[in-house]
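K.L.:
Handing you this structure, nothing more for now.
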Amino acid sequence: MAIAAHRSIAAETLLKLGRVSNLPTVWTNVLAGTVLAGGAGLSAQTGIVALAMSLFYVGGMFLNDYCDRDVDARERPSRPIPAGEISPRTVAVIASALLAAGIALVAAFGMAAAIAGVALALAIVGYDRFHNHNPLAPVVMGVCRALVYCAASAAAIGGVSTALGTAAAAILAFTAGLTYAARQESLDQIGNLWPLLLLAVPMIVAVPALAHGMLAALVYAGLAVCVCYAIYLLARRPVPQSVPRAVGCLIAGISLVDAALLASAGAVPLALLACAGFAATLLLQRYIPGT
């Protein structure tokens, strides 16, 4: 019984470190990046790329906790490392192994995909190492999400098209906006709301979705409602936990960005599938913290 309990605690620790509740947003990123580039959305190749990007994401989250272990000891002592659930060295080794495995897996799809994978790993390491008190950190986080699009595109077609680049810029802007909000989570307030205007960028890019029928318009409206609700929560600064709730909603909303961009390209069935990523992320966040 003691061994079983130990294993259960270890599994919970790893899931918490990896923030695996947010993985559906990575999968929908891959789906959007592949389809918008002209590749097949539902294929074995897309599944392998999604696995590679999942390794990058979880590895980045592990590395984030390793780099933030001193800050967490002061501000978030319940995190796994300061709580003594796992050693910093173990976290660093796992993070390195996951990032290396992600590069190796995506490199199987050619040189362009390998370059995108290496660039993504460098962006993740750069963000985790230098994000504290860095005003450009939200942009770097946005670059990480944009590179997921680029890696998926490179794996699908061997490069990045102009249309894919525009979509990648939209996901970059949205991620930068939500990362700015997340950086304020420990204070439970937003001192300056202007960066949240970045959240509107995908809605501008995805306006063509409104010309693809009622379902596409509903997908677009879903993204708008998600953003408006999150901003409403952020504006209620005196209310406890309003900022964490907004951040969780916006993280899940990454899948709605993917869905709106897919709908704008006329891929409505796949857009609806991406919407399921939003629901799955919110559900998983109830059991595994997403921040």
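The values are calculated or read from the model by the stated rules, or taken from the named source; none is laboratory data. Just so we're clear, the structure is a prediction, and the values are computed from it rather than from any experiment. A quick note on method: Cβ atoms are made from the backbone with ideal geometry, for glycine too, and the neighbour counts reach across all protein chains shown. Protein only, heavy atoms only, side chains kept; ligands, DNA and RNA dropped before computing areas. Shrake-Rupley method; radii C 1.70, N 1.55, O 1.52, S 1.80 Å.
K.L.:
Hey, if we sort Ser21, Ser78 by accessible area with the 1.4 Å probe, largest down, what's the order?
P.N.:
Ser78, Ser21
K.L.:
Report the gain in length on full extension from Gln45 to Asp70: 0.36 nm times residue separation, minus Cα-Cα distance, nm rounded to one decimal.
P.N.:
Stretched out fully, the Gln45 to Asp70 stretch lengthens by 5.0 nm.
K.L.:
While we're here: In whole Å, how far is the Cα centre of region 11-89 from that of region 155-185?
P.N.:
About 17 Å separates the Cα centre of region 11-89 from the one of region 155-185.
K.L.:
Using a Debye calculation, one point per C-alpha and no hydration shell, please list log10 I(q)/I(0) for region 11-112 at q = 0.11, 0.18, 0.19, 0.22 Å⁻¹ in order.
P.N.:
-0.39, -0.83, -0.89, -1.06
K.L.:
If you count only protein heavy atoms and use a 1.4 Å probe, how large is the accessible surface of Ser96, to the nearest 10 Å²?
P.N.:
70 Å²
K.L.:
How large is the helix-only mean residue ellipticity at 222 nm for the chain, computed as the sum of -39500 (n - 2.57) over DSSP H runs with n ≥ 4, divided by its residue count, in deg cm²/dmol to the nearest 500?
P.N.:
Helix contribution divided over all residues of the chain: -25000 deg cm²/dmol.
K.L.:
Within the chain, which whole H helices from DSSP have a Cα span along their axis of at least 18 Å and a mean Kyte-Doolittle hydropathy of 1.0 or more, if any?
P.N.:
23-37, 44-67, 88-107, 111-130, 137-157, 162-183, 214-235, 242-264, 268-285
K.L.:
Sticking with this one: Probe radius 1.4 Å, ligands and nucleic acids left out: which of Thr291, Thr179, Thr162, Thr90 has the largest accessible area, and how do the rest follow?
P.N.:
Final ranking, largest accessible area leading: Thr162, Thr90, Thr291, Thr179.
K.L.:
Connecting C-alpha atoms closer than 10 Å in a GNM of the chain, tell me which of Ala154, Ala40, Ala107 has the biggest fluctuation.
P.N.:
Ala40
K.L.:
Right, here's the next one. Express the accessible area of the chain per residue in Å², computed with a 1.4 Å probe while the remaining protein chains stay in the model.
P.N.:
Per residue, the chain has 44 Å² of solvent-accessible surface.
K.L.:
Next up: At most 16 other Cβ atoms within 10 Å plus a DSSP loop assignment makes a site exposed; report the longest stretch of the chain without any exposed trypsin sites (Lys or Arg not before Pro).
P.N.:
1-235
K.L.:
If you compute semi-axes √(5λ) of the Cα gyration tensor in Å for the structure shown, which of (1) 120, 26, 19; (2) 29, 24, 17; (3) 37, 25, 13 do you land on?
P.N.:
From the options (1) 120, 26, 19; (2) 29, 24, 17; (3) 37, 25, 13, the structure gives (2).
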